Amino acid sequence: MDRGILERDRELAQVAAAAREAADGAGSVALVFGEAGIGKSSLVKALPKVLPAAARVLLGECDDLATRRPLGPFRDLVGSVGPDLARALTEGGDRHRVYDALRAELRTAPHPAVLVVEDVHWADEASLDALRFLVRRVERLPAVLVLTYRDDELGREHPLRHLLGQVSRAERVHRLPLNRLSAAAVRRLSSASRLDPAEVYEVTSGNPFFVAEVVAAGGTGGVPPTVVDAVLARLRGLDDGTRDALEQLAVVPSAVELPLVNALLAEGVTALTAAEQRGLLVVTPERVGFRHELIRRAVADSLPAARRIELNRYVLAALVATPDCDVSRIVHHAAEAGDEEAIARHGPNAARDASRAGAHREAAAHLRLVLRQRKRFDPAERADLLERYAVEGYTIADSGAAVLAEREAVELRRSLGDARALGADLRWLSRIHWWAGDAEEARKAAREAIAVLEEAGDDRLLALALSNTSQLHMLSDRHAQAVAFGERAIDLARRAGDLEILAHALNNVGAARWRAGDPLGRTQLEESLKVALGAGEVEHACRAYANIIWTLLENLDYAEADRFLAPAMDLADRAEHLGFLS
């Protein structure tokens, strides 16, 4: 009997029913949640037995890496999806390209598609964004989106909370909390052993994984005092070579692809035969994984620190030697191995990949790690890393880190005598200070940015600095000053043919003029919108829409506001600019 699906008939039936509805075009989301070991993965493995015959199951997993893999669960789909999605995921991971390819993939026959993302409590920022995109559209797709997670590990500020809030507003949602097994089920699972079922139930409280481990470890004796003891007891009868192999794989927080297994283990999968026979591992032609994450953790946590560092060094060496390896995995094992040189070499690229994929928290984490080795970089390289870290901090609302990093970058640029870079950094410092709530420091940095860039002779950077200053004044209701600085920026942007700066400056000047009672302001705001839409500058277009709509509402012109609202919502929805939708 498959012990993983006892007392799960109701949940399996609900997902099967959702899949049948999805085949008719009525897609939905299924949330499968509960504590570690409760049987979420077992439920997922049992799904193919109950789904419609034509159903296509796509499985991606989130890993417990120190810094998450950008789009990690979706990268797992490569090899089981069409070429468009595979290329979108492997060729830079541009998020909008990935979103469009994901939607197209789920529309592709056969129907329904059942996309399972396991352990979303470990999802990276880019994956959460992609899931938000799908949640907003799945009702119109022939697909079921199955998300599994540990609900007991979600603090108030956990990133998954935002996604779950969005799911709660969806029309078709199936919430499937998994309960612990009853005493009767535990009795069935332990019936073949010599253990007292009541004692097994008391120790495990009916957690399916705990029950399985206690029964496997104590089949000829007493109940182990803890589940970790139960797991480790199963290792004691293994030969040294098998235990060494298990320990090596245990430091990799994901299923291990076969080429990496062969690189790490001299005998390859042959070394794992005994462990597989004991039910510790699941071995397929593509990869090897522990039967449960708790087994991997029990093995990894039992290792002395020196041994864990040594094993991570072996993984690091194997990954570095692998062509086109995911650089975020390299950085994870470099950090676990304490290899500062590898962190400094690969961390900047890992951060760049994460940022490009929209995983800004992960990008910031990589850069934070790299900057601990800042003395390995020359001053110009260090300034570049600090600038990147400041921008990522700004993006993820870490104001303290962003301000400190940008200040340090400013001082480095000042010491290097690079006026253009200094002016650009001062503009960023101004913007970050304003966002952090320090208006006086924001204005101070803005003034210096203009002064420096006027001397540097770079019209584009000067236009940016002038438009930034215009925005500060506009936000402070200093309408005349906003117009004065903004008109200079508009003139420079028109001469340079820079549509992004032109849209930004027109927005500032238009908003200031209109709020001051000058009807020319609306004309300039609408020009800002037209320029931004024509140039594909979605953020600037959304900002123009927001200023137009809010000003119309303030003027009690509700009919005109409604005229702009529909295209604004459509643009923000298509571009996933969720802040403009709230």
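The values are calculated or read from the model by the stated rules, or taken from the named source; none is laboratory data. Bear in mind that the values here come from a model prediction, so they are computed numbers and not experimental data. Backbone-built Cβ (ideal geometry, glycine too); neighbour counts: all protein chains shown.
What the table below lists for this structure:
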{"quantity": "Subset of segment 277-334 (residues that are in contact with a Leu (Cβ under 9 Å, 6 or more places away or on another chain), touching a residue at least 24 places away in the same chain (Cβ under 8 Å) and basic (Lys, Arg))", "calculated": "Arg278, Arg287, Arg296, Arg329"}
{"quantity": "Filtered residue count, segment 177-191, keeping only those that are touching a helix residue (DSSP H, G or I) at 6+ places or on another chain (Cβ under 8 Å), among the hydrophobic types (A, V, I, L, M, F, W, C) and loosely packed, with under 15 Cβ neighbours inside 10 Å", "calculated": "1"}
{"quantity": "Residue satisfying condition, being free of Cβ contacts under 8 Å to residues at least 12 places away in the same chain and on the phi < 0 side of the Ramachandran plot, within set Asp398, Asp339, Asp378, Asp353", "calculated": "Asp378"}
{"quantity": "Subset of segment 283-316 (residues that are outside any helix (DSSP H, G or I) and among the polar types (S, T, N, Q))", "calculated": "Thr284, Ser302"}
{"quantity": "First in segment 143-166 and assigned by TED's automatic domain parsing to the domain that holds Glu11 and over 15 Å from Ala130 (Cα atoms), second anywhere and at pLDDT 95 or above and among the charged types (D, E, K, R), Cβ under 7 Å, 6 or more apart", "calculated": "Thr148/Lys40; Thr148/Glu118; Thr148/Asp119; Tyr149/Asp119; Leu154/Arg161"}
{"quantity": "Filtered residues of segment 60-104 (kept if over 23 Å from Arg361 (Cα atoms) and touching an Asp or Glu at 6+ places or on another chain (Cβ under 7 Å))", "calculated": "Val81, Gly82, Leu85, Ala101, Ala104"}
{"quantity": "Matching residues, segment 288-304, being buried (at least 17 other Cβ atoms within 10 Å of the Cβ) and either among the charged types (D, E, K, R) or touching a helix residue (DSSP H, G or I) at 6+ places or on another chain (Cβ under 7 Å) (or both)", "calculated": "Val288, Phe290, Arg291, His292, Glu293, Leu294, Ile295, Arg296, Arg297, Ala298, Val299, Ala300"}
{"quantity": "Hits in segment 271-285 (condition: touching a helix residue (DSSP H, G or I) at 6+ places or on another chain (Cβ under 8 Å) and under 22 Å from Leu43 (Cβ atoms))", "calculated": "Gly279, Leu280, Leu281, Val282, Val283"}
{"quantity": "Condition met for Arg488 (basic (Lys, Arg), in a helix (DSSP H, G or I), touching a Leu at 6+ places or on another chain (Cβ under 9 Å) and not assigned by TED's automatic domain parsing to the domain that holds Val98)", "calculated": "yes"}
{"quantity": "Checklist (1) touching a residue at least 40 places away in the same chain (Cβ under 8 Å); (2) buried (at least 20 other Cβ atoms within 10 Å of the Cβ); (3) of a type in the set (Val, Ile, Thr) applied to Val483, failing item", "calculated": "(1)"}
{"quantity": "Residue count for segment 47-71, restricted to those that are part of a helix (DSSP H, G or I) and touching a residue at least 60 places away in the same chain (Cβ under 8 Å)", "calculated": "1"}
{"quantity": "Cross-chain or 6+ apart pairs with Cβ under 7 Å, segment 402-423 first and over 26 Å from Leu369 (Cβ atoms), then basic (Lys, Arg)", "calculated": "Leu422/Arg413; Leu422/Arg414"}
{"quantity": "Lone qualifier among Ala233, Ala245 - being of a type in the set (A, V, I, L, M), modelled with pLDDT of 95 or more, part of a helix (DSSP H, G or I) and within 15 Å of Leu303 (Cα to Cα)", "calculated": "Ala245"}
{"quantity": "Failed criterion for Pro208 (all others in (1) touching a Ser or Thr at 6+ places or on another chain (Cβ under 6 Å); (2) over 25 Å from Leu303 (Cα atoms); (3) surrounded by 16 or more Cβ atoms within 10 Å (Cβ to Cβ) hold)", "calculated": "(1)"}
{"quantity": "From the options Ala451, Ala445, residue that is crowded, with 22+ Cβ neighbours inside 10 Å, part of a helix (DSSP H, G or I) and not β-branched (Val, Ile, Thr)", "calculated": "Ala445"}
{"quantity": "Identity of the residue in segment 375-403, surrounded by fewer than 22 Cβ atoms within 10 Å (Cβ to Cβ) and more than 23 Å from Glu340 (Cα to Cα), that ends up nearest to the chain's Cα centre (by Cα)", "calculated": "Ile396"}
{"quantity": "Any hit, segment 81-98, residues being under 17 Å from the mean Cα position of the chain (by Cα) and free of Cβ contacts under 8 Å to residues at least 12 places away in the same chain", "calculated": "yes"}
{"quantity": "Selection count where residues are acidic (Asp, Glu) and modelled with pLDDT of 95 or more, scope segment 315-352", "calculated": "4"}
{"quantity": "Filter pass, Ala55 being crowded, with 23+ Cβ neighbours inside 10 Å and at pLDDT 95 or above", "calculated": "no"}
{"quantity": "Extreme residue, surrounded by the most Cβ atoms within 10 Å (Cβ to Cβ), among residues of segment 83-117 that are under 19 Å from Glu139 (Cα atoms) and of a type in the set (Ser, Thr, Tyr)", "calculated": "Tyr99"}
{"quantity": "The one condition in (1) of a type outside the set (Gly, Ala, Ser); (2) surrounded by 17 or more Cβ atoms within 10 Å (Cβ to Cβ); (3) without any contact (Cβ under 8 Å) to a residue 40 or more places away in the chain; (4) under 23 Å from Ala170 (Cα atoms) that Val44 fails to fulfil", "calculated": "(3)"}
{"quantity": "Residue in segment 523-532 that is among the β-branched types (Val, Ile, Thr), out of contact with any helix residue (DSSP H, G or I) (no Cβ under 7 Å at 6 or more places or on another chain) and either over 22 Å from Ala439 (Cα atoms) or at pLDDT below 95 (or both) present", "calculated": "yes"}
{"quantity": "Whichever residue in segment 469-480 is without any contact (Cβ under 8 Å) to a residue 40 or more places away in the chain, buried (at least 16 other Cβ atoms within 10 Å of the Cβ) and polar (S, T, N, Q) and, among such residues, is nearest to Leu426 (Cα to Cα)", "calculated": "Thr469"}
{"quantity": "Qualifying residue in segment 379-396 (condition: part of a helix (DSSP H, G or I), at pLDDT 95 or above and within 17 Å of Arg68 (Cβ to Cβ))", "calculated": "yes"}
